[in-house]
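Data block below; observations after.
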Amino acid sequence: MNVNEIFSPGKVALASALVKVGGCTGSFISPEGLVITNHHCVYGGVAGLSTPSNDYLENGFVARKKEDELPINMPCRITESYEDVSAKVLDGVNNFTEPAKRSELIANNIQKIIELEKAKNPDLIPEVSEMFVGRSYMLFRYFTITDVRLVFAPPVTIGQFGGDLDNWEWPRHNGDFSMVRAYVGPDGKPAKYSKNNIPFKPKRHLELNTKGTKEGDFVFILGYPGRTFRHESAPYLKFQQEKQLPLIQNWYSWYIKQMRDLSEGDNAKFLAFAGEIQSLENVEKNYRGKMQGLTRTGLVAEKWNDEEAMQAKIKSGIGSSDTSKSPSIGVIPSIRNIWNRKTELADDRFAFLFLLNQSNPYFLAHQTHRFKQIIKDIKSEEQKKQLLKDYVRIIQNGYGIIDKKLETEVLKKLLPRIRGFYPVNEVSKEVDQVISRDKFFDTAYVFGCLRKNPEKLLSHKGPLMNMAAKLWPEINKIEDEWSALDQKLKALMPIYLDIKQKYKEGQFIPDANSTLRLTHGYIKRYRPNDAEVHLPYTTLEGVFEKANTAADYRLPKNVADNLRIKEVPAILKDEETGAVIVAFLYNLDTTGGNSGSPVLDAYGRLIGINFDRAFTATINDYAWNDKYSRSIGCDIRYVLFVMKYVGKADHLLAEMGVTL
């Protein structure tokens, strides 16, 4: 393909078929707004739509007609165009601007650009993305669709076959795909959910290639990778390896176990926990892979040595003919000092963050105390009303159904980790009293107040509010210092990147940041460990080999029977082996956000759906290497196989232009 056939601002190209769907990537596969993405991307939404008596997660979901499609919270964003706005964003900013002032100027400049764009293009949502910290900024314009509906989801025993056991692993045998449909108003513009809305007509949808592939074939991906950190400093990576990754991984591992133990034998409770369990398991195992990758590659030491060499070059003349006056001379030592201080703050800060993220009642108490502090100094009644609306919105978005046993364990685990506040031998009694006496643990009371009398909730007094008030000064102290350190880093990083670019003397690609990117490579085997070779294809035979050998390989008889097809159409089989290919492996550079990305052949035709990386490739966020970086896709022929024989979705196949 010619590059202009892939993306051409203002013109219809292959990228017009791409969409950011929720936190993942998707692609249009019909002229009726049908989007294919990953099952794990819709997992939480499907769990939320399920009930014990109508369990779409377990049984799968197929909308037989458009009227049966179910609303799901997965907004779709299509990139319309982009523009370099670095000069406008950095107007008035230089290397000597004080860090806090620098951040304020950049934020104000971005806000002006956004406001101007909204006035010029009211049907598009503008967003300014930082490409290089403090150096380069791009304005992206998105057509955003909020009415999105679930169309097809395979049973979880296909979509998540292998569960956490196989997550981030190869070989894989899961059909990790699902479909949603984008709807707009009758005028073709984005609109809230309405029965009167119509399917969105994409400018381009993907053609399918059902002829299959072979090892060595060229492939490429378009998608919205979330975030990489390849231009960060060596002390940042050291902080990740020694502090952040192990702290979060250990906490998530413990928290997941509590949810699983509490929901064992209770399907209703499991469905309530399912989305969070699936999300946290994904991150927890990813972090284990990153820790392993950082250890086995020696990346921290490599980066540290690079910086020593960079510092030597600075002293010999990079940045200024007079090195004693060069702004570069103190950058690397200053960055190291900042990360040393962040390391000292990390234990307490992460304990606070875990408390806010995993204890909904504490989150409510913290936000209530915060808004009380703000409102008490406000004289304008209009401002007070707006703040009250903001308070209600934040609580509605952050407060959910409470499991008191889980809350008890979370508080008892976390409070003693905050140094100097709750000794281990005293915390158990205090937590029991808080949970038994405080109405913030009563969801009916909280939601009732939010609907009828939010002022009552804001004036609530109780032991949890006392706890939030006690911890408030320490939280503020840590967050204020952390924010100040971040501002100093942002002021130093543009100079650091200048040094690095001169030192590297080669191609300098921006880190991923949830904007549209392309990566290309080949279908390719690899050797993750000594004497171990991983071939690039798995087949349906492997599904049956694994079936019911472990809990994560659960395959109910009714699902297995639908997979045991004797007369498989030739279009769904590999030409050489006659096997039904399930998944395949390639050396593309992907990361979080590439979930659901279309895997395309050299002509831009859909051959698979990207859904994961190998365990050794979790380190992609920090570095990519052909030896260990492999991504995994679900073969499009297995997608069609499951739709045909498990979902009985011939009507959707016809919509996609496929006859079986």
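Put +1 on the Cβ of every Lys and Arg and -1 on every Asp and Glu Cβ in the chain; which of 45, 273, 450 then has its Cα farthest towards the positive end of the dipole?
Positive-end residue among those listed: 450.
With a cut-off of at most 16 other beta carbons within 10 Å, and DSSP calling the residue loop, which trypsin sites (Lys or Arg not before Pro) in the stretch 22-122 qualify? Please list them.
For trypsin sites (Lys or Arg not before Pro) across the stretch 22-122 that sit outside H, G, I, E and B with at most 16 neighbouring Cβ atoms in 10 Å, the list reads 64, 65.
Taking just the alpha-carbon atoms of the stretch 370-506, what radius of gyration and Dmax come out, in angstrom?
Rg, Dmax (Cα atoms, Å): 20.8, 64.
Taking only the alpha-carbon atoms of the stretch 234-502, what semi-axes of the equivalent ellipsoid follow from 5 times the gyration tensor eigenvalues under a square root, in whole Å, largest first?
So the equivalent ellipsoid measures 42, 25, 16 Å along its semi-axes.
Most exposed first by the Cβ proxy, i.e. fewest other Cβ within 10 Å, how do 138, 1, 656 rank?
So the residues, fewest neighbours to most, are 1, 138, 656.
Explain nothing, just the number: dipole magnitude of the chain about its Cα centre with +1 on each Lys and Arg Cβ and -1 on each Asp and Glu Cβ, in debye rounded to the nearest 20.
The calculated dipole for the chain is roughly 1240 debye.
Using the Cα centre as the reference, give the magnitude of the dipole from point charges on the C-beta atoms of the stretch 3-199 (Lys, Arg: +1; Asp, Glu: -1; all else neutral), rounded to the nearest 20 debye.
Dipole magnitude for the stretch 3-199 comes out near 480 debye.
Evaluate the relative contact order of the chain (contact order divided by residue number), counting alpha-carbon pairs under 8 angstrom at least 6 apart; express in whole percent.
22
Every cysteine in the chain with no other Cys Cβ under 4.7 Å from its Cβ, please list them in numeric order.
That list is 76, 449, 634.
Restricting to Cα pairs below 8 Å that are 6+ residues apart, what does the relative contact order work out to for the stretch 601-660? Please round to a whole percent.
Taking the mean separation of contacting Cα pairs over the length of the stretch 601-660, I get 30 percent.
Which of the following values of semi-axes √(5λ) of the Cα gyration tensor in Å was calculated from the structure shown: (i) 50, 34, 25; (ii) 39, 34, 27; (iii) 53, 26, 23?
Among (i) 50, 34, 25; (ii) 39, 34, 27; (iii) 53, 26, 23, the one derived from this structure is (ii).
For a quick size check, give me the Cα extents of the stretch 3-199 along its three principal axes, largest first, whole Å.
On the principal axes, the stretch 3-199 reaches 62, 45, 37 Å in Cα extent.
Could you pull out the longest piece of the chain with no exposed loop chymotrypsin sites (Phe, Trp or Tyr not before Pro) in it, calling a site exposed if DSSP puts it outside H, G, I, E, B and it has at most 14 other Cβ atoms within 10 Å?
Result for the longest clean stretch: 194-507.
Compute the FRET efficiency between residue 229 and residue 257 as 1/(1 + (r/R0)^6), taking r as their Cβ-Cβ distance and R0 = 25 Å, and round to the nearest 0.05.
0.30
Every number here is computed from the coordinates shown, using simple stated rules; none is lab data. Just so it is clear, the model here is predicted, and its values are computed rather than measured. Glycine also receives a Cβ, built like all others from the backbone with ideal geometry; neighbour counts cover every protein chain displayed.
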